[in-house]
1. Would you call Ala115 closer than 27 Å to Lys209 by Cβ, of a type outside the set (Asp, Glu), under 17 Å from the mean Cα position of the chain (by Cα) and in a loop (DSSP other than H, G, I, E, B)?
2. Please determine whether any residue of segment 20-36 is over 18 Å from the mean Cα position of the chain (by Cα), modelled with pLDDT of 95 or more and closer than 26 Å to Thr170 by Cβ.
3. So Ile156 clears everything in (1) over 14 Å from Ile222 (Cα atoms); (2) in a loop (DSSP other than H, G, I, E, B); (3) among the β-branched types (Val, Ile, Thr) except one condition, right? Which one?
4. If we only count helices (runs of 4 or more DSSP H) wholly inside segment 1-107, which ones have 1 or more residues that are basic (Lys, Arg) and buried (at least 23 other Cβ atoms within 10 Å of the Cβ)?
5. Looking at Ile156, Ile191, Ile199, can you tell me which residue is crowded, with 22+ Cβ neighbours inside 10 Å and hydrophobic (A, V, I, L, M, F, W, C)?
6. Looking only at segment 113-142, which residues are in contact (Cβ under 8 Å) with a residue 40 or more places away in the chain, more than 20 Å from Tyr89 (Cα to Cα) and surrounded by 18 or more Cβ atoms within 10 Å (Cβ to Cβ)?
7. Filter segment 98-115 down to the residues that are closer than 19 Å to Asp194 by Cβ, at pLDDT 95 or above and not basic (Lys, Arg) and list them by number.
8. Test each condition in (1) within 27 Å of Thr221 (Cβ to Cβ); (2) over 18 Å from the mean Cα position of the chain (by Cα) for Thr39 and report the one that comes out false.
Amino acid sequence: MRTAVIIPAFNEEGSIGKVIADIPDKDNKLVLVCNNGSTDSTAEVAQKAGATVLTENRKGYGYACLKGIDYLKSLSSAPPTVVFMDGDYSDYPEDMNRLLAEISNGFDLVIGSRALGTHERGAMTIPQRFGNWLSGVMINLMYGQKVTDLGPFRAIKWQKLLELNMQDKTYGWTVEMQAKAIKKGFSYHEIPVDYRKRIGKSKVSGTVKGTLLAGIKIIYTIIKYAK
């Protein structure tokens, strides 16, 4: 396997099968669905679609991603590249090989930027778009790196991922990765990816509380790692 694909999933039974089905060149990829305490059939659908299903009952996006990383650490030889993406079918899995091509070109971390691509009307809420813009401004000012998106669709070299020693358990996961990578001088790159309305309701942007907590955590994380 040349690539591991880590997909955190919480109650995504309506979308996870579609996500897995659209992943290109699955014979060369280890697909890990990190079932984050789902109360529906997410695990069963994912397994039937051909994924390896891991169980992480502690709620939190970071907890689910860390479960996938721990699994890769347990292997005798982990794939050299890791892709992270959501299980809600808002990203286009077929764009994955474009991210991986940039890793092959020598970049350490490649972000699929929704801001650089096109997205369906309503796919991103106004608070999401504003949060991305504000985060990008802060990272540019504090880290000296232009960042257009904190989107979950990304690829990173496995050894570089280990160097980051990822810690965040919840909303700060994606920005922690970017902040630490930039701080460490990793080669950073963004490419445009398209984005569509997710299947089901967002657990973060779908509620006022989730949006507020995510925003606070993201700003805190940017400031924390800038020191």
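The values are calculated or read from the model by the stated rules, or taken from the named source; none is laboratory data. The model shown is predicted, which means the values in this text are computed figures rather than measured ones. Every residue, glycine among them, receives a Cβ derived from its backbone with ideal geometry; neighbour counts consider all protein chains shown.
1. Criteria met by Ala115.
2. no
3. (2)
4. none
5. After applying the criteria, what remains is Ile156.
6. The answer is Gly131, Ser135, Met138, Ile139.
7. The answer is Leu99, Leu100, Ala101, Glu102, Val110, Ile111, Gly112, Ser113.
8. Looking at each condition in turn, Thr39 falls short on (1).
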